[in-house]
Amino acid sequence: MRLTISGIDKVNKYLINLPKNLDKNLSQTNQGFMSSVKKSARLRLARHKVTGELSASIKLLPTKTKGKTKQFRLVVDSPYALPVEEGYKGHWVSALTPTRNSAGTIGDVYNFSGFMWIKPSSGLHFLRNAIEKNLSTFSQKLDKSVGRAIKK
Amino acid sequence: MTNTISQATILSDIWKNFFNRLKTDVTSVTITGSTTVTIQTYTSNFPDKAIDDKTAYPILIVDTPKISTSPLTASKSITEGTIMVDIYTNQRESAEKFLSLIIDSIETYKGDLSAVGIRDIEIADNDNDMVERGEIKIHNMSVTFSFKYYYSKTSGF
């Protein structure tokens, strides 16, 4: 006796493809979310017209993961990132202090000699605010992404 | 208006097709008070040094497409991709109107894009953001289009 269920091939194909589609869609959503955080963070940063170093140092890199869903990390590769994000006390800075980039000294960049008083800052929180702004829509995006994978 | 797509320069060719289309169609909008707002900058990257220059806005950015390839048939492959379009303005109303124009332009000319192989264009995502930078407010709206591009595989591999 042979029992044939019509349409089982399609069900089988669907079940085989479902994890692949889920990985693909979730990877895209992860990348989209992290790109949006990067864009929001750069938009919130003050820019110095000469260097723009901090903003340019924000990069999106893939992480090595065991699963097939791609994950990403946001790297802010500048010594100024932490004080700008979290704030600093007021302090004097010498014009001869190197900027630690190709722009030369702080005096060259801000056009002063001797010492300059840097006002205290409570932090710009460019990263925290960028993450908070984008987190509010992340669950919706994940929902949509899973939904699209299931419908395929 | 459309550019043919070569396998060797697929990313820049797909980008050019979207960019040229939008540069032609999305130029200005009229907002409350009969003010006409005209796009000042079309680019592929945010012009960092102009961020605090109010006269540089509105800025329309067509990002480089992201693509991945998978086999379709024995002789054909399919490239699935996404391309993000951003608009930065100083008024929320104009940002919304520009976003509508961007979507309308791509929807209207789907046929032209299909003629060069860019098919199944759909809105995959959209987003918005607002930041106050000193005296200027920057409104950002973005839309991500997904698309498919079919091409013949190189045989023998």
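What percent do you get for the relative contact order of segment A:1-127 when only Cα pairs under 8 Å and 6+ apart count? Spell out each step's value before the answer.
Values: 149 pairs, mean separation 27.7, N = 127.
Reported relative contact order: 22 percent.
Which residues belonging to segment A:130-152 lose at least 50 Å² of 1.4 Å-probe accessible area when the assembly is complete, relative to their chain isolated?
When all protein chains are present, A:Lys133, A:Lys141 each give up 50 Å² or more of accessible surface.
Is there a pair in A:Lys141/B:Lys54; A:Lys13/B:Lys148; A:Lys66/B:Lys148; B:Lys16/B:Lys148; A:Lys39/A:Lys66 whose C-alpha atoms are over 23 Å apart, and which pairs would that be?
On the way: A:Lys141/B:Lys54 32 Å; A:Lys13/B:Lys148 21 Å; A:Lys66/B:Lys148 29 Å; B:Lys16/B:Lys148 16 Å; A:Lys39/A:Lys66 27 Å.
Too far apart for the 23 Å limit: A:Lys141/B:Lys54; A:Lys66/B:Lys148; A:Lys39/A:Lys66.
List residues of segment A:84-108, by number, whose backbone nitrogen lies under 12 Å from a label position 7 Å along Cα→C-beta of A:Trp117.
Residues A:90-93 fall inside that zone.
So what's the convex hull volume per residue for the Cα atoms of segment B:33-157, in Å³? Don't skip to the answer; put the middle values down first.
Details: hull volume 15.4 nm³, N = 125.
In segment B:33-157, the Cα convex hull volume per residue is 123 Å³.
Enumerate the calculated ³J(HN,Hα) couplings along segment B:97-104 in order (Karplus 6.51 cos²θ - 1.76 cosθ + 1.60, θ = phi - 60°), each rounded to whole Hz, writing x wherever the residue is Gly or Pro.
With the stated coefficients, segment B:97-104 comes to 5, 5, 4, 4, 5, 4, 5, 4 Hz.
Considering every residue in B:48-54, what mean count of other chain Cβ atoms within 10 Å of its Cβ is obtained?
Numbers: counts 7, 5, 2, 8, 3, 1, 0.
Average neighbour count from other chains, rounded to a whole number: 4.
Applying 1/(1 + (r/R0)^6) with R0 = 25 Å to the Cβ-Cβ distance of B:Gln7 and B:Glu122, what FRET efficiency is obtained, to the nearest 0.05? Could the numbers behind the result be given before it?
Numbers: r = 24 Å, r/R0 = 0.94.
So, using R0 = 25 Å, E works out to roughly 0.60.
Would you kindly give the portion of the calculated P(r) for segment A:31-134 that falls above 22 Å, as a percent of all Cα pairs? Walk me through the numbers before you get to the answer.
Values: 2156 of 5356 pairs.
Pairs farther apart than 22 Å: 40 percent.
Hey, can you rank B:7-17, A:21-31 by average C-beta count inside 10 Å, highest first?
Numbers: B:7-17: 16.5, A:21-31: 19.3.
With the highest mean Cβ count within 10 Å placed first, the list reads A:21-31, B:7-17.
When ligands, DNA and RNA are left out and all protein chains stay put, how many square angstrom of accessible area per residue does segment A:52-152 have with a 1.4 Å probe?
Working: 6870 Å² over 101 residues.
That works out to 68 Å² per residue.
Please report the carbon-and-sulfur percent of the accessible area for the protein assembly as shown; probe 1.4 Å, protein heavy atoms only, DNA, RNA and ligands left out. Before the final figure, lay out the partial values.
Details: 9760 of 18000 Å².
Percent of accessible area from carbon and sulfur atoms in the protein assembly as shown: 54.
For the pairing of chain B with chain A, what total accessible surface becomes buried, with a 1.4 angstrom probe, in square angstrom to the nearest 100?
1700 Å²
For A:Lys70, what residues show an amide H to amide H distance below 5 Å, using hydrogens built from the backbone and excluding near sequence neighbours?
So A:Lys70 has HN proximity to A:Ser27.
Relative contact order, percent, of chain B when contacts are C-alpha pairs under 8 Å separated by at least 6 residues?
23 percent
For an R0 of 25 angstrom, estimate the FRET efficiency from the Cβ-Cβ distance between B:Ser100 and B:Asn45 and round to the nearest 0.05.
Working: r = 24 Å, r/R0 = 0.96.
For R0 = 25 Å, the calculated efficiency reads 0.55.
Across the protein assembly as shown, what fraction of all alpha-carbon pairs, as a whole percent, falls in each successive 10 Å bin from zero upward?
The distribution over the protein assembly as shown is 5, 21, 28, 23, 13, 6, 2, 1, 0, 0, given as percents.
Describe numerically, in nm with one decimal, the distance between label points set 7 Å from Cα along Cα→Cβ at B:Ile67 and at B:Tyr150.
1.6 nm
Please give the residues from segment B:113-131 for which the solvent-accessible area of heavy atoms, probe 1.4 Å, is smaller by at least 50 Å² with all protein chains in place than with the chain isolated.
SASA drop of 50 Å² or more in segment B:113-131: B:Asp127, B:Asp129, B:Val131.
Using a 1.4 Å probe, what is the accessible area per residue for chain B, in Å²? Intermediate values should be presented prior to the final figure.
Values: 7700 Å² over 157 residues.
Per-residue accessible area for chain B comes out at 49 Å².
The values are calculated or read from the model by the stated rules, or taken from the named source; none is laboratory data. Here the structure is a predicted model, which means the values were calculated and not measured. Glycine gets a Cβ as well: all are built from the backbone with ideal geometry, and neighbour counts include every protein chain shown. Quick note on the areas: whole protein, heavy atoms, side chains included, nothing else; ligands and nucleic acids left out. Shrake-Rupley method; radii C 1.70, N 1.55, O 1.52, S 1.80 Å.
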